[in-house]
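Below: the structure, in structure tokens.
The values are calculated or read from the model by the stated rules, or taken from the named source; none is laboratory data. Just so you know, these numbers come straight off a predicted model, no measurement behind them. Cβ placement follows ideal geometry from the backbone for every residue including glycine, while neighbour counts extend to all protein chains displayed. Just so you know, the surface numbers come from the protein's heavy atoms only, side chains and all, with ligands and any DNA or RNA stripped out. Shrake-Rupley method; radii C 1.70, N 1.55, O 1.52, S 1.80 Å.
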Amino acid sequence: MSEQASALIQAARAARRTSLDERSGKRLLAHYGIAVPKSMAVQPGADLGAALKDLQPPYVVKVMSADILHKSDVGGVRVGLRDAAAVEAAIRQMAQRPEIARARLDGFLIEELAPAGLELVIGGLRDPQFGPLVMVGLGGILIEVLQDVAFRICPIERIDALEMLDELKGKPLLEGVRGQAAVSKEAIVDALMKIGGPDGLLTTLGDEIAEADINPLIVSTEGAVAVDARFILRQRASA
């Protein structure tokens, strides 16, 4: 495990967290070479001028809380914000929502809006018998509706990643349907290798990560960007 990856995980454990917050999760992904939106974490009342000076609009604002599993369900995501005033209003309105007001907040994440594309999910878990498993499927809300996914035991090779994509019932969506452009399969395979390959995140951090969920991974003709990320840490046995 690299020093940077170890520091992110140990900081979460020191704070008695059972998971990484979204910004830390995306920093972990970036360390393994997965593209993530440029972002900044802030607290309510922060100087947004300073936070936004290195970000390009339109912006996305998300609540960060270990108590909130699905941010969209509680009004914890706003997209397409054009300036600091809109970001400030979004944070103020979110903070007043009952589910968010009573949650333990880590703050709010401000990001650049990712390019449009097809929503996939890449994730994994640690199986008691087989160890780390990597998964790919149709993402966004489709993961819950269709459950169109494929699994492999880590570490995988590129041929395994391609076979996983071939197993998906939604494979035609990757190749372009009804006038839609095909997405970059190479970008998906690359992301799968960086998560489940011999030097991938799940392979090298198998003793630390119980569950990983990158949903959605937005894939276009040009590449792939991880828009959301959740990592559940493994519980350590009591001494």
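Name the single residue that is farthest from the chain's Cα centre (by Cα) among those in the range 21-61 being of a type in the set (D, E, K, R) and surrounded by fewer than 18 Cβ atoms within 10 Å (Cβ to Cβ). Checked the range 21-61; the qualifying residue farthest from the chain's Cα centre (by Cα) is D47.
Only residues that are touching a strand residue (DSSP E or B) at 6+ places or on another chain (Cβ under 9 Å), open to solvent by 70 Å² or more (accessible area, probe 1.4 Å) and of a type in the set (D, E, K, R) were counted across the range 169-193, and they come to 1. Annotation: S2 fulfils all but one of (1) modelled with pLDDT of 95 or more; (2) more than 19 Å from the chain's Cα centre (by Cα); the unmet one is (1).
Quick one: count up the residues across the range 85-112 that are open to solvent by 40 Å² or more (accessible area, probe 1.4 Å), assigned to a helix (DSSP H, G or I) and touching a residue at least 24 places away in the same chain (Cβ under 8 Å).
Step one: filter the range 85-112 for residues open to solvent by 40 Å² or more (accessible area, probe 1.4 Å), giving 85, 88, 92-93, 96-99, 101-102, 104-106, 112.
Next cut, assigned to a helix (DSSP H, G or I) only: 85, 88, 92-93, 96, 98-99, 101.
Narrowing the set further to residues that are touching a residue at least 24 places away in the same chain (Cβ under 8 Å) leaves 88, 92, 99.
Final tally of qualifying residues: 3.
Residue count for the range 220-239, restricted to those that are surrounded by 11 or more Cβ atoms within 10 Å (Cβ to Cβ) and either of a type outside the set (D, E) or at pLDDT 95 or above (or both): 13. Restricting attention to the range 138-163 and to residues that are modelled with pLDDT of 95 or more, within 20 Å of the chain's Cα centre (by Cα) and open to solvent by less than 10 Å² (accessible area, probe 1.4 Å), the residue that is nearest to Q235 (Cα to Cα) turns out to be A150. Of all residues in the range 62-84, those that are among the aliphatic types (A, V, I, L, M), part of a loop (DSSP other than H, G, I, E, B) and surrounded by fewer than 16 Cβ atoms within 10 Å (Cβ to Cβ) total 1. Kindly indicate whether any position in the range 194-203 is polar (S, T, N, Q), open to solvent by less than 60 Å² (accessible area, probe 1.4 Å) and not in a loop (DSSP other than H, G, I, E, B). Yes; the residues of the range 194-203 include at least one that is polar (S, T, N, Q), open to solvent by less than 60 Å² (accessible area, probe 1.4 Å) and not in a loop (DSSP other than H, G, I, E, B).
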